[in-house]
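The values are calculated or read from the model by the stated rules, or taken from the named source; none is laboratory data. These numbers come from a predicted model, not from an experiment. Note that each Cβ is placed from the backbone with ideal geometry, even for glycine, and that neighbours are counted across all protein chains shown. Note: accessible area is taken over every heavy atom of the protein model, side chains too, but ligands, DNA and RNA are not part of it. Shrake-Rupley method; radii C 1.70, N 1.55, O 1.52, S 1.80 Å.
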Amino acid sequence: MSKLSNIYTKILHSNIFISILILFTLILSASLVNTTYAVKFNLFTNETTYGTENGQVKFPHGIAIDSSGKVYIADTANNRIQVFSENGTFINKWGKTGKADGNFNTPSGIAIDSSGKVYIADTANNRIQVFSENGTFINKWGKTGKADGNFNTPSGIAIDSSGKVYIADTANNRIQVFSENGTFINKWGKTGKADGNFNTPSGIAIDSSGKVYIADTANNRIQVFSENGTFINKWGKFELNDNKLNFPYGLAMDKHGGMYVTDEINNMISYTPLISFSNKDGRIFASNSSLVLERVIDGLDTPTAVAFLKPDDFLVLQKTKPLIVRVVNGQILDQPVLNLTNSTVIKGCMCDIAISKQENGSAYVFLYYYMGEDKNGGNLTGDLVNRLYRFELVNEKLVNPTVLLEMNSSQNALHNGGKMVIGPDDNLYLTIGDIDGRTTLAQNIKDGPLPDGSSGIIRITQDGQPVTDPITKDFLLGSSYPLNLYYGYGIRNSFGIDYDANTSEFWITDNGPTYGDEIDFVKPAFNGGWKKISGMSSLSPNFDKNNLTDFVGIGKYYDPAFVWQTPVGVTGLAFVNSDILGIEYKNDLFVGDINNGYLYHFDLDHNRTGLKLDGLLSDKVAENQNEVIKAAIAQIYGKVISLELGSDGLYITTANGKILKLTDDQESSTPIG
């Protein structure tokens, strides 16, 4: 990317305008296939190349490279096509201003098919022209209009592996698809901002799997479609900064599946490594074809967690509905297993649920939620309470509620936490956040009051009792309540906890303030560092371990295993301790986020106390969006809330009301979509 930066700087200090910026984006994308292009076409940063002579250009907007390496340029303001060798030597040109066959009026898009034919979007003539590689006219189609096969200022053009020609019909705000001889096949899109609609679409690119990427220019976004026009995904919004899109125009794909985008108003070239992603229905469009995503159920109200009674039989929490439903073979049973709607208002969330099978065949069901009593016709009265309950599942109902843990909160409190797991020792482990910024010893306030249960990983027996060390019979941090419940502390706002079946060690996610979301490897008496630090200590020059609470040397701080420097809203965490996703993912760690909907995959290192990271991530920090995407394996439409491993796949709850299942393609049924 240093070459890109150098060339971009030269362009900004020349007089060759934004069209050269677009040209260089496309040349640079080609340079990843043949690295000579980026250097050898530096001649275009020289102002003497602006003109009408052979080898000179005026506002070029399109480029294509054939299988032999020849470079074809749509020399837009000169109304011609020029051809160069890969080292920039002029070879040929054709075209002049006009409407006759072989002439042009502001040609822009250009593409070459597998046989070497050259397709030109003759923009102001509202037609497509086709030539041999030496410029002999072959065919044309289109005229001004809105009917199928007609155009209004077509600009982008791309050809897929089967030879179909995709045209960004810019002023008609649609995409049209043709056979190689110009026969109309399909169209999609209309004017608008909804998914699948456009406002002056321009650039177009197709990846190796056939997905179609459109620069939806005046909507300031990139949209992605299947080859038949089914909307899959989108990204981008208007903003004048380097992280957002402002009139994206040109698109180009490199051989690694990454995309270059030219941004006219922000005057920038952005590069995005592309990952797998799902569409609204839950179908995954994967760069890794071994994984598929199935829709298990939808129509829920922000599901927050699932817990399995047995395969194809699980309980579901919904964020603000005080009831628990049961799903059997993909169908919600008519009667919930628990209904608290007559007595309880859920202000914050039904946060998590965990199930422990008992030897007599019954089951304990643990439920953590942030609740208030309904004493005034549906309105909350007084402060709220965080409660951990244990129920028994009897005759398809949750009965015999027992309060195992209770903490006062307030109606506006944040960071109440509540993610749980039954550990390898059969004890219950529960994460709790700092509950609206509490300041105790558990938040590393050395002169603060004793911990009150907040900012901790709480460990209790299934009967709600503190857990002692099996050998020394001691408590970790102290014998007084609730200090005797703490397994770890210094937690800010965790939404994920699980243990590694290979080591029985715990891992959590934790969200930072405006920086430093993290994954933490957790040993007993772990100190996450909050409120004194978030993220890597190397990035906090004023950090001093001596300012942390250590409970007479017992508590231990160590840096996270991984950090997102800019928050992603890290959520669920789960180990895949089987080969249900294929042998390559066995014993690996999966993590989700809610800001982007990314699903991250990590291998563990040899000792299984850290993550195996390389390249840009070897410093354990995702410092920018490109590095965030590098750590991701897929983007889930609807955003990730929680992860739970089932017997047949990794179950994902999403903010748009779905439960999805990630499985290995060879073990899965046909995906929905």
Inset, instruction - Output the number of residues of the range 155-208 satisfying the condition of being out of contact with any strand residue (DSSP E or B) (no Cβ under 7 Å at 6 or more places or on another chain), in a loop (DSSP other than H, G, I, E, B) and either on the phi < 0 side of the Ramachandran plot or open to solvent by 40 Å² or more (accessible area, probe 1.4 Å) (or both). - result: 7
Inset, instruction - Identify the residue in the range 115-157 that is out of contact with any Phe, Trp or Tyr (no Cβ under 6 Å at 6 or more places or on another chain) and charged (D, E, K, R) and, among all such residues, is nearest to residue 207 (Cα to Cα). - result: 117
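Name every residue in the range 607-645 that is under 12 Å from the mean Cα position of the chain (by Cα) and free of Cβ contacts under 8 Å to residues at least 12 places away in the same chain, in order of residue number. It would help to see each step written out before you state the result.
Within the range 607-645, the first condition is being under 12 Å from the mean Cα position of the chain (by Cα), and the residues that meet it are 625-640.
627 - this is the single residue of the range 607-645 that is under 12 Å from the mean Cα position of the chain (by Cα) and free of Cβ contacts under 8 Å to residues at least 12 places away in the same chain.
Scan 345, 399 and give me the residue that is modelled with pLDDT under 85 and assigned to a strand (DSSP E or B).
Details: 399 fails: modelled with pLDDT under 85.
Criteria check complete, one pass: 345.
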Legend entry - Scan of the range 428-474 for residues that are more than 30 Å from the chain's Cα centre (by Cα) and over 26 Å from residue 505 (Cα atoms), ordered by number: 438, 439, 440, 445, 446, 447, 448, 449, 450
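Quick one: count up the residues across the range 315-336 that are in a strand (DSSP E or B) and either open to solvent by less than 70 Å² (accessible area, probe 1.4 Å) or of a type outside the set (Lys, Arg) (or both). Step through it out loud before you land on a result.
The first filter runs over the range 315-336 and keeps only residues in a strand (DSSP E or B), leaving 315-318, 321-328, 331-332.
Then keep just the ones that are either open to solvent by less than 70 Å² (accessible area, probe 1.4 Å) or of a type outside the set (Lys, Arg) (or both); that gives 315-318, 322-328, 331-332.
Looking only at that region, the number is 13.
Results for (1) open to solvent by 50 Å² or more (accessible area, probe 1.4 Å); (2) in contact with a Phe, Trp or Tyr (Cβ under 7 Å, 6 or more places away or on another chain); (3) at pLDDT 95 or above, shown as yes or no for each residue.
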{"site": "350", "(1), (2), (3)": "no, yes, no"}
{"site": "387", "(1), (2), (3)": "no, yes, no"}
{"site": "407", "(1), (2), (3)": "no, no, no"}
{"site": "419", "(1), (2), (3)": "no, yes, yes"}
{"site": "432", "(1), (2), (3)": "no, no, yes"}
Legend entry - Tally of residues being open to solvent by 50 Å² or more (accessible area, probe 1.4 Å) and within 19 Å of the chain's Cα centre (by Cα) across the range 582-606: 3
Legend entry - Boolean, residue 220 is surrounded by fewer than 17 Cβ atoms within 10 Å (Cβ to Cβ), polar (S, T, N, Q) and modelled with pLDDT under 90: no
Legend entry - Test set (1) open to solvent by 50 Å² or more (accessible area, probe 1.4 Å); (2) in contact with a helix residue (DSSP H, G or I) (Cβ under 8 Å, 6 or more places away or on another chain); (3) not in a helix (DSSP H, G or I) - residue 616 fails condition number: (3)
Inset, instruction - Please name all residue pairs, on different chains or six or more residues apart, with Cβ atoms under 8 Å, provided the first residue is in the range 216-230 and is farther than 12 Å from residue 247 by Cβ and the second residue is in a loop (DSSP other than H, G, I, E, B) and at pLDDT 90 or above. - result: 223/195; 223/196; 225/196; 227/160; 227/164; 229/189; 229/196
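Based on what the data block shows, is residue 88 open to solvent by less than 60 Å² (accessible area, probe 1.4 Å), farther than 18 Å from residue 136 by Cβ and assigned to a strand (DSSP E or B)? Walk me through how you get there before you give the answer.
Working: open to solvent by less than 60 Å² (accessible area, probe 1.4 Å): yes; farther than 18 Å from residue 136 by Cβ: yes; assigned to a strand (DSSP E or B): no.
Criteria not met by residue 88.
Filter the range 279-314 down to residues that are assigned to a strand (DSSP E or B) and touching a Pro at 6+ places or on another chain (Cβ under 9 Å) and give me whichever is modelled with the highest pLDDT.
297
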Inset, instruction - Kindly indicate the residue of the range 623-647 that is open to solvent by less than 50 Å² (accessible area, probe 1.4 Å) and at pLDDT 95 or above and also farthest from residue 315 (Cα to Cα) among those meeting that condition. - result: 640
Legend entry - Matching residues, the range 475-530, being more than 17 Å from residue 431 (Cβ to Cβ) and open to solvent by 40 Å² or more (accessible area, probe 1.4 Å): 475, 479, 480, 481, 501, 502, 503, 504, 513, 514, 515
Inset, instruction - Could you tell me whether the range 49-64 includes any residue that is at pLDDT 90 or above, in a strand (DSSP E or B), open to solvent by 10 Å² or more (accessible area, probe 1.4 Å) and under 21 Å from residue 157 (Cβ atoms)? - result: no
Legend entry - Only listed residue being open to solvent by 60 Å² or more (accessible area, probe 1.4 Å) and either modelled with pLDDT under 95 or closer than 19 Å to residue 490 by Cα (or both), chosen from 451, 470: 470
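How many residues are closer than 16 Å to residue 63 by Cα and in a loop (DSSP other than H, G, I, E, B) if we restrict to the range 133-154?
Let us first name the residues in the range 133-154 that are closer than 16 Å to residue 63 by Cα, namely 133-135, 154.
Those left that are additionally in a loop (DSSP other than H, G, I, E, B): 133-135.
So the answer is 3.
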Inset, instruction - Could you please give the count of residues in the range 488-514 that are within 22 Å of the chain's Cα centre (by Cα) and farther than 17 Å from residue 592 by Cα? - result: 2
